[in-house]
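Structure first, commentary second.
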Amino acid sequence: RIKTKLANNSCRGPERSAPGSTPPQGRWRDPVIPGPGGKGVKRMRIFKFLLPFARLSYSISIACLCLYTTLAFINVIARYFFLKPYPWTEEITTLLFVLGVFLNQVILEIFDRQLSVSFIMSRIKNETALKIIYILKRVLVIGMWLLLIKEAVPVIQRNYLFETASVILRIPMWPLYTIVTLVMASVVVINLEKILVQLLPPKDHAGNISV
């Protein structure tokens, strides 16, 4: 039975992606931009320089969330078992949670792994309609993040001028807001790239633009 199963598996050949799904790719190498209907057919052209930043922010995000979980667990044990909580952990865990959530947005946006409801898109078969909806969605995302950036810049300036810091550990708040704003700006650039890739003529394997 084992030999028959191995033989059948060897005859299948390489696995293929399901229709409408993003083709398999390396973890960080040469990601493709999922197009309308989830078809990753057009490679990145402009924002490859964001990949090192995305890799770094992803690693820092994992470290922040792991440290956040550890400190929260320690504080719960100290509070309910020894009746001696550590107030400073509340500040640290809040900052770590914010960084862990926002720093992960860059890699999620590049590989289009954000939470989404694909019920409507999966029912549309017309490629032109899918492309229009895809571009409109990206424009809406860009507008939302630009609005948040507009509101964030004055907050950073005020926190820097008034030297706002946390209550117990006196951690300055403006660096945290600056990091979050840079992440939001990166998301805007990524979505702008995705729109441009859909509008520009595709390139062949030799790098020539097809007309």
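The values are calculated or read from the model by the stated rules, or taken from the named source; none is laboratory data. A quick note: this is a predicted structure, and the numbers were derived from the prediction, not measured. We place every Cβ from the backbone using ideal geometry, glycine too, and count neighbours over all the protein chains shown. Accessible surface is based on the protein model in full, side chains and every heavy atom, while ligands, DNA and RNA are left aside. Shrake-Rupley method; radii C 1.70, N 1.55, O 1.52, S 1.80 Å.
For region 150-166, which positions are in contact (Cβ under 8 Å) with a residue 24 or more places away in the chain and either under 16 Å from VAL98 (Cβ atoms) or touching a strand residue (DSSP E or B) at 6+ places or on another chain (Cβ under 7 Å) (or both)? Show your work before the answer.
Narrowing region 150-166 to residues in contact (Cβ under 8 Å) with a residue 24 or more places away in the chain: 152-153, 156, 166.
Passing the criteria: ALA152, ILE156, SER166.
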* Asked: So, in region 149-192, of the ones that are among the polar types (S, T, N, Q) and within 18 Å of the chain's Cα centre (by Cα), which residue ends up farthest from GLN114 (Cα to Cα)?
  -> THR178
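Of all residues in region 56-82, which are of a type outside the set (Gly, Ala, Ser), surrounded by 15 or more Cβ atoms within 10 Å (Cβ to Cβ) and closer than 30 Å to ILE190 by Cα?
Those that are of a type outside the set (Gly, Ala, Ser), surrounded by 15 or more Cβ atoms within 10 Å (Cβ to Cβ) and closer than 30 Å to ILE190 by Cα: TYR58, ILE60, CYS64, LEU65, LEU67, TYR68.
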* Asked: Which numbered condition trips up ILE135, out of (1) open to solvent by less than 80 Å² (accessible area, probe 1.4 Å); (2) in contact with a Phe, Trp or Tyr (Cβ under 7 Å, 6 or more places away or on another chain)?
  -> (2)
* Asked: Given the conditions (1) of a type in the set (A, V, I, L, M); (2) closer than 30 Å to TYR86 by Cβ; (3) outside any loop (DSSP other than H, G, I, E, B), and given that ILE168 satisfies all but one, which numbered condition is not satisfied?
  -> (3)
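I'd like the residue in region 41-55 that is more than 12 Å from the chain's Cα centre (by Cα) and under 19 Å from GLN105 (Cβ atoms) and, out of all such residues, is modelled with the lowest pLDDT. Spell out how you get there, then give the answer.
If we filter region 41-55 for residues that are more than 12 Å from the chain's Cα centre (by Cα), which is where we start, we get 41-49, 52.
With under 19 Å from GLN105 (Cβ atoms) added as a condition, the list becomes 44, 46-49, 52.
Working: MET44: 53, ILE46: 67, PHE47: 70, LYS48: 77, PHE49: 78, PRO52: 84.
Residue satisfying both the conditions and the ranking: MET44.
In region 83-112, how many residues are of a type in the set (D, E, K, R) and open to solvent by 80 Å² or more (accessible area, probe 1.4 Å)?
Step one: of region 83-112, the residues of a type in the set (D, E, K, R) are 84, 90-91, 109, 112.
Subset that is open to solvent by 80 Å² or more (accessible area, probe 1.4 Å): 84, 90.
Looking only at that region, the number is 2.
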* To do: Please specify each residue of region 98-137 satisfying the condition of being under 28 Å from CYS64 (Cβ atoms) and in a helix (DSSP H, G or I).
  => VAL98, LEU99, GLY100, VAL101, PHE102, GLN105, VAL106, ILE107, LEU108, GLU109, ILE110
